[in-house]
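One structure below.
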Amino acid sequence: MVMRKFFTVVVLIPLGVIFIVFAVANRHLVTVSFDPFNSSDPSVAIRLPLFIVIIAVAILGVAAGGSATWFR
């Protein structure tokens, strides 16, 4: 029980602070295009803040890696 609290204080709290600082620093809007054939005028595109795109891709990568390991 004590080790879990220690882990929370030493690892998770600084990691949360890093994510918050990262989110504040990367608020610029970027266009994510889902049309690989026409990049100049995409038919399916969405504008999101950069930190949302990066965190979403990281979450998808962790989920894909976990799924690949689990199915293996």
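Please list 3J(HN,Hα) in residue order for the stretch 38-52, calculated via the Karplus relation 6.51 cos²θ - 1.76 cosθ + 1.60 where θ = phi - 60°; whole Hz, with x for glycine and proline.
3J(HN,Hα) across the stretch 38-52, in whole Hz: 9, 7, 6, 9, x, 7, 10, 8, 9, 9, 9, x, 4, 5, 5.
For the chain, what is the accessible area per residue in Å² when the probe is 1.4 Å?
87
So for the chain, Kirkwood radius off the Cα pairs, Stokes-Einstein at 37 °C and 0.692 mPa s: how many µm² s⁻¹? Kindly include the intermediate steps, with their values, before the conclusion.
Numbers: Rh = 15.2 Å.
The estimated diffusion coefficient comes to 216 µm²/s.
Using 0.36 nm per residue, how much length does the chain from VAL10 to ALA68 gain when fully extended, once their Cα-Cα distance is taken away?
Values: separation 58, 0.36 × 58 = 20.88 nm, distance 2.97 nm.
Working it through step by step, the gained length comes to 17.9 nm.
Ignoring ligands, DNA and RNA, what percent of the accessible area of the stretch 8-72 is carbon or sulfur (1.4 Å)?
Here it works out to 74 percent.
Taking the highest mean first, how do the peptides 2-11, 41-50 order by number of other beta carbon atoms within 10 angstrom per residue? Spell out each step's value before the answer.
Numbers: 2-11: 9.1, 41-50: 11.4.
Packing order, densest peptide first, comes out as 41-50, 2-11.
The values are calculated or read from the model by the stated rules, or taken from the named source; none is laboratory data. These numbers were taken from a predicted model, which means no experiment stands behind them. Note that each Cβ is placed from the backbone with ideal geometry, even for glycine, and that neighbours are counted across all protein chains shown. Accessible surface areas use protein heavy atoms only, side chains included; no ligands, DNA or RNA. Shrake-Rupley method; radii C 1.70, N 1.55, O 1.52, S 1.80 Å.
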